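In what follows, a single structure is set out as structure tokens and then discussed.
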Amino acid sequence: MKKLADDKRIIVAAKTYIDKYGKPKTPSELKNHKIVNLTGLEVWDFKGAHGVTSVKTPNHLRMDNGEAVRDACIQGCGITLTATWCSYPHLESGELVQILQDYPLDTECALWAVYPSNRLLAPKVRAFIDFLAERFSGTPYWDEKLNGVVL
């Protein structure tokens with residue numbers, strides 16, 4: 001396998017949700033909000049001055065597809081944890097806004113190309129993996145595009 005890019009995660013909500021329910025100021029306030037969770041990601045870990053704080057978020061809605069979670073959030077169903085690669089167009093357009101920016105998530109996720117051993121790897125597959133590695137090297141384009149967006 002080959003690492004292609006870091007998978008940055010952030011907390012977001014739709015402006016309509018924030019206007020109706022307000023914005024949490026700390027991770028502990030998430031318990032008072034509607035949370036749209038990806039199945040298996042109900043506990044969110046935040047980095048802090050005193051180490052990592054884990055918050056078990058209440059499930060208002062839970063799904064097993066990240067794009068469906070993002071879309072439900074865009075519709076105002078609640079707050080969610082999302083990958084920037086999945087949500088960057090909606091952050092750019094203002095449909096989603098990042099919240100809890102002062103509390104970064106403690107995640108070390110990445111996007112990987114997974115393939116059979118090199119001995120069995122077709123040259124065209126190797127070329128494709130090399131293309132992906134080059135395309136996503138450094139700061140991925142989706143995070144680069146967000147540099148101008150207030151997150």
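Applying the selection to region 96-112, what residues are open to solvent by 80 Å² or more (accessible area, probe 1.4 Å) and over 12 Å from the mean Cα position of the chain (by Cα)? Gln101, Asp102, Trp112, listed by residue number. Cβ separations smaller than 8 Å between residues 6+ apart or across chains give the following pairs from region 3-19 residues that are assigned to a helix (DSSP H, G or I) to residues that are of a type in the set (Lys, Arg): Tyr17/Lys34.
Within region 4-21, being surrounded by fewer than 18 Cβ atoms within 10 Å (Cβ to Cβ) and among the β-branched types (Val, Ile, Thr) holds for Thr16, Ile18.
The values are calculated or read from the model by the stated rules, or taken from the named source; none is laboratory data. Because the structure is predicted, anything quoted here is derived from the model rather than measured. Note that we place each Cβ from the backbone using ideal geometry, even for glycine, and neighbour counts take in every protein chain shown. To get the accessible areas, we keep the full protein, side chains included, count just its heavy atoms, and leave off ligands, DNA and RNA. Shrake-Rupley method; radii C 1.70, N 1.55, O 1.52, S 1.80 Å.
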